[in-house]
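Before any comments, here is the structure.
The values are calculated or read from the model by the stated rules, or taken from the named source; none is laboratory data. None of these values were measured; they are calculated from a predicted model. Here the Cβ is made from the backbone with ideal geometry for all residues, glycine too, and neighbour counts use every protein chain on show. We work out accessible area using only protein heavy atoms, side chains counted, and drop any ligands, DNA or RNA first. Shrake-Rupley method; radii C 1.70, N 1.55, O 1.52, S 1.80 Å.
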Amino acid sequence: MAQFQVNSYRFDPYKNFKFRVKWDGKYVAGISKVSMLKRTTEVAKHREANGLSTPFHMPTTTSFEAITLERGVTHDPEFENWANLIYAPGAAGSISLKNFRKDIIIELLNENGVVAKAYNVYRCWVSEYHALPDLDANANAVAIEMLKLENEGWDRDLAVVEPTQT
């Protein structure tokens, strides 16, 4: 049976339900969902006039998809405060040019709560904010607020190494 090369005692991949998100140097409370980190590189096709009928494929620009963060509605103002840096109610047209972009860190934890992988996401800003979900008196669900973060790329923090198994 093939084993993971870094840690020969680990047989299982990491679960997707233990994670945390940090910005402005502190962890943000209550986040229950983070969308996938996805990047896409566009393809340019090129064919020589006297060559084969099959084109060559070359990479061009790379784009990074927006990331959504979700959490249950509470009195913690972190989501709303960041969203208000783009549009402050009562101050039409105002934007905090100095503070509206933030770098965030997304950490994936192992079953013991130790950081197993971390990703740095750069120059994020809020393009969409849901303060409240649809409200339904017949529903049985948690009220969720959501941030959609545009970003200019991400990379894995290589200083975070696989934790040892105990």
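For the stretch 30-133, just say rounded, prolate or oblate: build the C-alpha gyration tensor, square-root its eigenvalues into a ≥ b ≥ c, call rounded for a/c under 1.5, and beyond that prolate if a/b exceeds b/c, oblate if not.
Working: a/c = 3.20, a/b = 1.71, b/c = 1.87.
Because a/c hits 1.5 or more and a/b fails to exceed b/c, the stretch 30-133 counts as oblate.
Throw me the Rg/Rh for the stretch 84-164, computed over C-alpha atoms with Kirkwood Rh, two decimals. Don't jump to the answer; show the numbers that get you there.
On the way: Rg = 17.5 Å, Rh = 15.7 Å.
Reported Rg/Rh, Kirkwood definition of Rh: 1.11.
When the accessible area of the chain is split by element with a 1.4 Å probe, what percent falls to carbon and sulfur?
Percent of accessible area from carbon and sulfur atoms in the chain: 53.
So which trypsin sites (Lys or Arg not before Pro) in the stretch 88-161 are both in a DSSP loop and have at most 12 other Cβ atoms within 10 Å of their Cβ? Spell out each step's value before the answer.
Working: sites: Lys98, Arg101, Lys102, Lys117, Arg123, Lys148, Arg156; in loops: Lys98, Arg101.
In loop regions of the stretch 88-161 (DSSP not H, G, I, E or B), the sparsely surrounded trypsin sites (Lys or Arg not before Pro) are Lys98.
Say each of Asp76 and Ala137 gets a label point 7 Å from the Cα, pointing the same way as Cα to Cβ; how far apart are those two points in nm?
The two pseudo-label positions are separated by 3.1 nm.
Along each of its three principal axes, how wide is the spread of alpha-carbon positions in the stretch 95-140, in whole angstrom units, largest first?
That works out to 41, 39, 10 Å along the principal axes.
State, as an integer percentage, the relative contact order of the chain based on alpha-carbon contacts under 8 Å between residues 6 or more apart. Please report the intermediate quantities before stating the final value.
Values: 296 pairs, mean separation 41.3, N = 166.
Worked out over the chain, it gives 25 percent.
Let me know the number of lysine pairs in the chain closer than 15 Å at the Cα, not counting same-chain pairs under 8 apart.
Step by step, the pairs that qualify in the chain add up to 11.
Check which residues have an amide H placed less than 5 Å from Phe19's amide H, if you skip close sequence neighbours.
Result for Phe19 returns Leu109.
Provide the per residue accessible area, probe 1.4 Å, for the stretch 14-123, rounded to a whole number of square angstrom.
Numbers: 7290 Å² over 110 residues.
Computed with neighbouring chains in place, this is 66 Å² per residue.
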